[in-house]
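*Asks:* Sending over a structure as structure tokens; questions will come in a sec.
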Amino acid sequence: MAKKLLRTSPSSSNKFNSANMTDDFQLHLDSSDDDAPEEVTFEESKASALRSMKNALETSKREKDLLKEKRRKRQEMFQEQKKRRLLPAHILEEIDTAPSKKQKLPRDQAESNHEEAYCSWEEGREGSKEGYEKETKKGFKGNIRRLKGNYSVMRVADQSSTNSQQQTAMDFIQARLYGPGSQRTTNNEVLSLQNKRGPNKSAAMQFVNKKWGTEKKAKAEKLKKQWIQKRKVPSS
Amino acid sequence: MGEFKVHRVRFFDYMPTAIRAMAFNAHTERLALGRMDGSVEIFNFADRYFQEKVIPGKDSRSIEALCWVGGRLFSAGLNGEITEYDLENLRPKYSLEAYGGPIWTITSNSQGAHLAIGCEDGTVKLFEVLEESIQFERNLDRQKGRIISLSWHPSGTQIAAGMMDMIRVFDVPTGRAVQRLLVDRGFGGSKSRETVVWSVVFLSDYTIISGDSAGKVQVWDGHTGTLVKTHLVTKWDVLALSVSKDESSVVVGTSEGTVIQFQFIAPTLQQQQDKEWVRTRTFKNHTHDVRALAEIETAIVSGGMDTQLVVRPLLEKFDERSHASALRKIQFPHRNLVFCAKKAGLLLFQFPGQLELWRLGESDGHGKPGDSLPLKRKPEKLLHLKRKGEDHICCSALSSCGGWLAYSTMSSVRLYRLQTDNNDISISKVPKLPKILRSAHQLCFSSDSSKLFAASSQSSVLVIALSQSECKYVHTLKPKSGSRQPIHLMTNSVDGKWLATANSDCEIHVYNVQKLKLHCIVPVYGSCPSAMGIHPTTNNLTMVHADQQIFEYSIVEKQYTDWSRKLQKQGLHNLWLDRDTPVTHVTFNPKNPEQILLHDMHMFCIIDQSLPLPDQKTQFYNQMTLRSLSEQERPSHLHAFKICKTFQDLLSVSLLDDQSLVMVERPLLAITCQLPAPVRQKKFAT
């Protein structure tokens, strides 16, 4: 009654002498058991060794295949993204043929081009279609079109005449003279103070001058009427 | 005299622009004023501060500083360009891009050979002044902050530049920065903000005086780079500085609206003390920030955000009190902005950006003098015509029948045909104007609306014939004197025969329109004419000059009239001559050929030629007295000048065909309401 033991250690890939194996076993078994040594036939052990080897080979092959698959998938994804960033071929052609007119592209042509590009992109993308639509809509301000790299195409006439430097300079002066910390007041207050301190004392400007602050006065009238209405309704 | 129904018009929302920069040319005694909307005005200080020329602004132009080089005027602005102006054709000659970003200041050296500009990118650029243009020479050492103000040393070897938190002194031949003067920041809350040195002045003894945003005026020693004295003059910014020609006095303008004078005198009278800069006078003539300042020989000229030009003569330079030593405030322009169609009862208001056409209201009532009549129909705005393009409107005209409207900018002239059928108005542009009609300094329609007169370059007048809906160029009327100055006044006679023009050289030419040639030249008087009018029946040309002299010239006889000679012999009353605003409009009463109607900003006057002229001892403003006298006593006290001061801040007075007067007033209070915010000043007991 020999127990059949399956050897699963990796070192079994070596072609062991069955005798040696049995010896080893015996040593192990002897320590725990007093039974007679087991008999494992050569064929069996050979078969098991071969099997384990095959398994190992298979697993390594599978792993390699898996890695390959992953790499391939990644590459595909990159290709897809790259294709997405480029404009479709026909627009690139157009731009190539008219490089000098980049600055003055007429508005409708730009729009139609954009529309065509937009449609083709729409076809190609399934997943994040809405997200991408939003992106293009936001990016399309006036006639600014993004090309590959850091270039953008826009009409010179659409730019306002005050460029950014001039605007910064004007903002600087406005902030220094009228910005926070400049302690300014209103014309109303200055004139009202003049009225109150002058030789003929009179009321503040908005009461003396009928035309002053007509919107505020109209609003105040309206609120007053509303309040009167409110008071009447619950009492009536 | 009779009663007049008066249309009191206050719906003209005229809003002047704030003054940004000024420069005084001592040789020609002209002051150039730059406003925030880009327009430049030239005042003749020798001729009662008359506004001689106006160069209209442009949307893209901005003026931060002005400077004179000889007789040439240069300006620089935040659009990064230096512009030279052609003062004979009232337009910019050319604009040079400085490629330094926005330009904050421009100044010329005392020899007049170089211009220095201070740019946003921290460079001081030097330009060489050539015959017909300027040329970039070189940059001085580039600095880290923006250059806000510049001042040349009188020798031309050094420049002081006011920047943020410091003043740098450059050596011009090498371009290196030799000194750095550090300006303290303000105390308290403003310690976190950088101090901006708004203006700086370099004196010939190497003293530098600076005004900064912390409200200090500091005196520095330019040799050693040390601070000599600090004067804290205000809690707000010190925006402008100006030094007098002899360097004994410096005036300083602040955000509060005060102008403070510092003089280089010995502080006490004893023992030959050293002279130093002592604060002497304070003038409070402005309600808003003072941004432009100039100290001329006898006066201090200041202008700022409250749009008024104030000339404050220094009383120690005058021996006696006269009109020359009185405070002058120039608030309204010295030319017409309101045009009236007498037959149709329409008013045209000229704004820099648009034209407005209004129909006057109607009233049926009758009343005593001084009553307000109820309105049957309110005045209504018929047309709001916006200008095309960037240039501001230079001049405009409305024909007396109300059928034609024209306006001109620096680059184009536009002519429109108006049709009013009861309450509808239709306007159609006249296409294809003659090519020669490029821009006009003044426009005027003939009284039968068959011709348009356009004042063009070199004092010439283009005559354009108008028919149903088109126009044709007829002729150019040229003056014989060959003057190159622009025309600023033009008037024509009611019968369509005569046209009179006046230019900035004080020449008045009268042309015969039917024969299309020069008829005569009025003898030149030293002062510029401020208003002219041709009488409907006698064809006498009445001229009022900037120094308040009145002349009457008979065009037919080519000589002054008897009345005019009598007036000159007697002399005008002192109170008339002491008035400080010029007469801007002369008109006549068809029903009473003896009357001449004139107005200036503060009064309206009817001169009755049949009445005796007042002498120096007569009471000049006698209307109130006459009313209190009885019928028998009145005739002995009457004199020719009847002045009415009921209507104030007048922009225009005209007489319609139905004997009603139109007074267009613009109350100064209404202008003050729309100004930008003034500083908050804490006053006692408020």
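*Asks:* Output the strands (runs of 3 or more DSSP E) that fall wholly within region B:152-262 and possess 2 or more residues being within 27 Å of A:GLN183 (Cα to Cα), or say none.
*Replies:* B:166-171, B:197-202, B:207-212, B:216-221, B:226-232, B:238-243, B:249-254
*Asks:* Among the residues of region B:287-309, write down those that are farther than 26 Å from B:ASP246 by Cβ, within 12 Å of chain A (Cβ to nearest Cβ) and not charged (D, E, K, R).
*Replies:* B:THR287, B:HIS288, B:MET305, listed by residue number.
*Asks:* Also: Name the residues in region B:378-416 that are within 24 Å of B:PHE11 (Cα to Cα) and of a type in the set (Gly, Ala, Ser), would you?
*Replies:* B:SER396, B:ALA397, B:SER399, B:SER400, B:GLY402, B:GLY403, B:ALA406, B:SER408
*Asks:* Report, by residue number, each residue of region B:342-383 that is among the basic types (Lys, Arg) and not in a loop (DSSP other than H, G, I, E, B).
*Replies:* Across region B:342-383, the qualifying residues are B:ARG359, B:ARG377, B:LYS381.
*Asks:* Moving on. Could you tell me which numbered condition B:LYS245 fails, if it satisfies all but one of (1) closer than 27 Å to A:ALA169 by Cα; (2) among the charged types (D, E, K, R); (3) surrounded by fewer than 13 Cβ atoms within 10 Å (Cβ to Cβ)?
*Replies:* All conditions pass for B:LYS245, except number (1).
*Asks:* Evaluate the following for B:ARG8: is it within 14 Å of chain A (Cβ to nearest Cβ) and in a strand (DSSP E or B)?
*Replies:* So B:ARG8 does not fit the description; no.
*Asks:* Moving to a separate point now. Is it the case that B:VAL54 is closer than 28 Å to B:HIS334 by Cα and under 18 Å from the mean Cα position of the chain (by Cα)?
*Replies:* For B:VAL54, the condition - closer than 28 Å to B:HIS334 by Cα and under 18 Å from the mean Cα position of the chain (by Cα) - is met.
*Asks:* Continuing with the same structure: Can you name the number of the only condition in (1) outside any helix (DSSP H, G or I); (2) in contact with a helix residue (DSSP H, G or I) (Cβ under 9 Å, 6 or more places away or on another chain) that A:ASN188 fails?
*Replies:* (1)
*Asks:* Oh, and also: Pick from region A:207-225 the residues that are within 14 Å of chain B (Cβ to nearest Cβ) and assigned to a helix (DSSP H, G or I): which of them is surrounded by the fewest Cβ atoms within 10 Å (Cβ to Cβ)?
*Replies:* Only one residue fits best here, namely A:GLU215.
*Asks:* Something else: I'm trying to understand the selection: among the residues of region B:38-64, which are part of a loop (DSSP other than H, G, I, E, B), within 14 Å of chain A (Cβ to nearest Cβ) and at negative phi?
*Replies:* If the condition is that a residue be part of a loop (DSSP other than H, G, I, E, B), within 14 Å of chain A (Cβ to nearest Cβ) and at negative phi, then B:GLY57, B:ASP59, B:SER60, B:ARG61, B:SER62, B:ILE63, B:GLU64 are the ones that fit.
*Asks:* Right, here's the next one. Please indicate, with yes or no, whether at least one residue in region A:226-236 is within 14 Å of chain B (Cβ to nearest Cβ) and in a loop (DSSP other than H, G, I, E, B).
*Replies:* No, region A:226-236 has no match at all.
*Asks:* Now for a separate question. State whether one or more residues within region B:96-106 are away from every other protein chain (no Cβ under 14 Å), at pLDDT 95 or above and either on the phi > 0 side of the Ramachandran plot or under 23 Å from the mean Cα position of the chain (by Cα) (or both).
*Replies:* There is at least one residue in region B:96-106 that is away from every other protein chain (no Cβ under 14 Å), at pLDDT 95 or above and either on the phi > 0 side of the Ramachandran plot or under 23 Å from the mean Cα position of the chain (by Cα) (or both).
*Asks:* Right, here's the next one. Taking only region B:65-87 into account, find how many residues are within 14 Å of chain A (Cβ to nearest Cβ) and either touching a residue at least 24 places away in the same chain (Cβ under 8 Å) or on the phi > 0 side of the Ramachandran plot (or both).
*Replies:* 5
*Asks:* Confirm whether B:SER469 is among the small types (Gly, Ala, Ser), under 30 Å from B:ARG30 (Cβ atoms) and assigned to a loop (DSSP other than H, G, I, E, B).
*Replies:* It is false that B:SER469 is among the small types (Gly, Ala, Ser), under 30 Å from B:ARG30 (Cβ atoms) and assigned to a loop (DSSP other than H, G, I, E, B).
*Asks:* Next question. Go over the candidates B:LEU90, B:LEU115, B:LEU126, B:LEU140 one by one and state the one that is of a type in the set (A, V, I, L, M, F, W, C), more than 14 Å from chain A (Cβ to nearest Cβ) and over 24 Å from B:SER210 (Cβ atoms).
*Replies:* Checking each option against the conditions leaves just B:LEU90.
*Asks:* Which of the residues belonging to region A:169-201 are loosely packed, with under 14 Cβ neighbours inside 10 Å and more than 8 Å from chain B (Cβ to nearest Cβ)?
*Replies:* Within region A:169-201, A:ASP171, A:GLN174, A:ALA175, A:GLY179, A:PRO180, A:GLN194, A:GLY198, A:PRO199, A:ASN200, A:LYS201 qualify.
*Asks:* For region B:109-122, give me the residue count where each residue is more than 27 Å from B:PRO486 (Cα to Cα), touching a strand residue (DSSP E or B) at 6+ places or on another chain (Cβ under 8 Å) and surrounded by fewer than 22 Cβ atoms within 10 Å (Cβ to Cβ).
*Replies:* Residues that pass the stated criteria total 5.
*Asks:* Based on this model, can you work out whether B:SER426 counts as outside any loop (DSSP other than H, G, I, E, B), without any contact (Cβ under 8 Å) to a residue 12 or more places away in the chain and within 30 Å of B:GLY496 (Cβ to Cβ)?
*Replies:* Answer is yes for this residue.
*Asks:* Any chance region B:250-262 includes a residue that's within 14 Å of chain A (Cβ to nearest Cβ) and more than 28 Å from the chain's Cα centre (by Cα)?
*Replies:* no
*Asks:* Collect the residues in region B:329-364 that are closer than 29 Å to B:LEU575 by Cα and in contact with a Pro (Cβ under 8 Å, 6 or more places away or on another chain), keeping them in residue-number order.
*Replies:* Scanning region B:329-364 gives B:GLN331, B:PHE332, B:PRO333, B:HIS334.
*Asks:* While we're here: Among all residue pairs at least 6 apart or on different chains, which show Cβ distances below 6 Å where the first residue, located in region B:607-635, is among the aromatic types (Phe, Trp, Tyr) and the second is part of a strand (DSSP E or B)?
*Replies:* B:TYR621/B:ILE643
*Asks:* So, in region B:255-296, of the ones that are without any contact (Cβ under 8 Å) to a residue 40 or more places away in the chain and under 20 Å from B:ALA677 (Cα atoms), which residue ends up surrounded by the fewest Cβ atoms within 10 Å (Cβ to Cβ)?
*Replies:* Top of the filtered list is B:LYS284.
*Asks:* Could you run through region B:208-225 and say how many residues are surrounded by fewer than 24 Cβ atoms within 10 Å (Cβ to Cβ) and touching a residue at least 40 places away in the same chain (Cβ under 8 Å)?
*Replies:* Counting residues in region B:208-225 that are surrounded by fewer than 24 Cβ atoms within 10 Å (Cβ to Cβ) and touching a residue at least 40 places away in the same chain (Cβ under 8 Å) gives 3.
Table: residues versus (1) among the polar types (S, T, N, Q); (2) without any contact (Cβ under 8 Å) to a residue 24 or more places away in the chain; (3) within 22 Å of B:CYS444 (Cβ to Cβ).
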position: B:GLN549; (1), (2), (3): yes, no, no
position: B:GLN568; (1), (2), (3): yes, yes, no
position: B:VAL586; (1), (2), (3): no, no, yes
position: B:ASN592; (1), (2), (3): yes, no, no
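*Asks:* If you don't mind, there's one more thing I want to ask. Test A:ALA204 against the stated conditions and say whether it is modelled with pLDDT under 85 and more than 8 Å from chain B (Cβ to nearest Cβ).
*Replies:* Against the criterion (modelled with pLDDT under 85 and more than 8 Å from chain B (Cβ to nearest Cβ)), A:ALA204 qualifies.
*Asks:* Additional query: Quick one: B:CYS395 ticks every box in (1) hydrophobic (A, V, I, L, M, F, W, C); (2) farther than 21 Å from B:GLU41 by Cα; (3) crowded, with 18+ Cβ neighbours inside 10 Å except a single one, so which number is it?
*Replies:* (2)
*Asks:* Under 9 Å by Cβ, and 6 or more places apart or on different chains, what pairs join a residue from region B:314-327 that is on the phi < 0 side of the Ramachandran plot and assigned to a loop (DSSP other than H, G, I, E, B) with one that is surrounded by 10 or more Cβ atoms within 10 Å (Cβ to Cβ) and of a type in the set (D, E, K, R)?
*Replies:* Here the result reads B:LEU314/B:ARG281; B:LEU314/B:GLU295; B:LEU314/B:GLU297; B:SER322/B:ASP578; B:ALA326/B:ASP578; B:ALA326/B:ASP580; B:LEU327/B:ARG312; B:LEU327/B:ASP580, each pair linking region B:314-327 to a residue that is surrounded by 10 or more Cβ atoms within 10 Å (Cβ to Cβ) and of a type in the set (D, E, K, R).
The values are calculated or read from the model by the stated rules, or taken from the named source; none is laboratory data. Quick caveat: nothing in here was measured; it's all calculated off a predicted structure. No Cβ is skipped: glycine too gets one built from the backbone with ideal geometry, and neighbour counts run over all protein chains shown.
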